[in-house]
Amino acid sequence: MITVSAHRRRAGRRPLALIAVLTAGLLLTTACGPEDPGFAVPESVAAEAAGPGTAADAAPGGRKPAPADVPYDVTPLLRPSRKYLGTALDDVPAKMDPLSSFTAMIGKQPNVVEYYASWGDGFDTAGVRRIYEAGALPFMAWEPHSPSMAAIAAGETDDYVKGVAKAAAKLNLPIAISIAHEMNGDWYPWGRQAASAADFVGAWRRIHDIFDRAGATNVIWVWSPNITVPAPNTRLAPYYPGDTYVDWAGMTGYFTLTGPKTFDTLYGATMAEIRAFCKKPFFISETASQQGKRQRADIDQLFTGIEAHDDIIGFVWFNMVKRADWRIETSPPSLADYKQRVSDPRYGFDIRNP
């Protein structure tokens with residue numbers, strides 16, 4: 001049974017009777033069978049978003065949308081029975097053609113799509129809706145290039161945060177959000193060289209509390225440090241906002257030409273350190289393998305490692321060029337391996353019926 005975290009109880013959720021009805025409905029929903037390589041995006045997605053009294057009411061295998069005054073219940077998405085299959089792609093969500101092309105290329109619909117938003121940007125309501133209507137959980141990596149984490153923690157950007165929180169609550173669709181990812185590294189302006197762990201935690205809690213007060217309990221909060229390999233002397237516990245403020249323990253970690261060669265040497269130390277103070281599900285919020293002779297072995301290590309850990313609920317493949325070429329399609333043999341591994345029915349599911 002999933003325990004709803006304290007911050008969700010404080011913010012208010014659906015009445016117990018309604019939760020019981022929804023739970024019963026989910027139990028009666030037909031799940032994808034073992035032979036099913038993925039899931040079919042419902043044809044009535046647009047109608048489903050339109051609300052009650054539309055064709056969405058009769059959508060096969062789909063949940064009816066929540067009434068506007070009932071927060072979207074993300075609880076079933078927190079610990080799904082299958083693993084998330086995610087990606088990050090250039091130009092998405094401004095354009096959705098890259099997602100369609102990626103889906104056709106790997107033979108399965110990703111059900112998480114990560115995108116990047118700078119601090120000060122407005123909430124991309126249209127983009128989030130496009131990702132959701134494509135059958136995926138939107139995942140916003142929120143990047144505070146300026147002002148400082150200390151300024152955010154002190155409340156200097158509260159009006160901006162309130163606007164984003166209200167927009168997210170009004171949209172009332174599930175969305176995962178990470179704040180200042182890879183904060184334990186020194187390559188971003190919000191990293192360890194520019195912000196203390198106390199600044200980071202203070203900023204995170206302040207943002208989270210503003211979202212709660214706005215009723216944006218449709219957010220899944222992803223705390224996302226970098227793996228500790230490049231920063232072994234920076235402890236992660238001081239950066240942890242607390243179980244009340246976090247839903248998933250994210251990790252960023254890439255297979256590079258000169259880095260660790262196995263899943264355990266890449267992620268193992270980080271996972272062990274996090275498990276000393278956090279029992280939340282792991283989610284690999286960015287990964288990929290650098291082009292080279294090791295790429296096929298890296299892909300095998302990634303999937304074999306994920307499958308060996310029930311507490312890793314999924315991953316995002318960063319399919320872009322940034323400091324290196326991480327795109328899976330640039331190597332046909334690697335693409336074939338990747339396609340074969342994601343065909344496993346344990347990857348991917350309809351986020352409306354997890």
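Just a few scattered comments:
- Listed here are the strands (runs of 3 or more DSSP E) enclosed by segment 205-299 that have at least 1 residues being over 19 Å from Val74 (Cβ atoms) and in contact (Cβ under 8 Å) with a residue 12 or more places away in the chain: 248-252, 282-287.
- Residues of segment 71-125 that are touching a Pro at 6+ places or on another chain (Cβ under 8 Å) and of a type in the set (D, E, K, R): Arg79, Arg82, Asp90, Asp91, Lys108, Asp124.
- Residue selected from segment 238-270 under the condition under 17 Å from the mean Cα position of the chain (by Cα) and aliphatic (A, V, I, L, M), by the criterion surrounded by the fewest Cβ atoms within 10 Å (Cβ to Cβ): Val246
- When residues of segment 173-204 are limited to those that are buried (at least 23 other Cβ atoms within 10 Å of the Cβ) and outside any loop (DSSP other than H, G, I, E, B), the one nearest to the chain's Cα centre (by Cα): Ala176
- Any hit, segment 120-133, residues being out of contact with any Ser or Thr (no Cβ under 9 Å at 6 or more places or on another chain), under 27 Å from Thr330 (Cβ atoms) and among the small types (Gly, Ala, Ser): yes
- Count of segment 207-244 residues which are touching a Phe, Trp or Tyr at 6+ places or on another chain (Cβ under 7 Å) and of a type outside the set (Val, Ile, Thr): 9
- Verdict on Ser285 being farther than 18 Å from His181 by Cα and small (Gly, Ala, Ser): no
- Of the residues making up segment 281-311, those that are under 16 Å from the mean Cα position of the chain (by Cα) and either surrounded by fewer than 21 Cβ atoms within 10 Å (Cβ to Cβ) or among the basic types (Lys, Arg) (or both) are Pro281, Asp311.
Rule-based calculations on the coordinates, nothing more; no lab input. None of these values were measured; they are calculated from a predicted model. With ideal geometry, Cβ positions are generated from the backbone for all residues, glycine too; neighbour counts draw on all protein chains shown.
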